[in-house]
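Written below as structure tokens is the structure these notes are about.
Taken together, the values in this text are just the output of simple stated rules run on the coordinates, not laboratory data. Computed from a predicted structure; not experimentally measured. Backbone-built Cβ (ideal geometry, glycine too); neighbour counts: all protein chains shown.
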């Protein structure tokens, strides 16, 4: 298991995606899957920064933990932003062509599992993304 803590800034979005990408590359995962997972992680992190941490503050952090076992790639993303409830997560109709509100659509279609953990933690939110790697 590998993990890293990041400041929750839009500038760090690329560093978080690169952190996950390098792990996938080291595992010799095919490039199409790497790009898909990077997209899902990027959309997840962008939503946390945009909606969870409404104001920029150096205390805002995101903790990313990655694990791979039994062909299952897991990404755990922790934050202390606004508490997420499942009714808050909505994506618009994909046929409604306009910018925004489409990230969760991509995440749900790329990943095999996408949900928030209810386990007790020092963090407010714990997003879990899983993808079976064949």
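Of the residues 62, 37, 75, 48, the single one that is out of contact with any helix residue (DSSP H, G or I) (no Cβ under 7 Å at 6 or more places or on another chain) and surrounded by 20 or more Cβ atoms within 10 Å (Cβ to Cβ) is 48. The set of residues from the range 124-134 being assigned to a loop (DSSP other than H, G, I, E, B) and within 12 Å of residue 84 (Cα to Cα) comprises just one member, 124.
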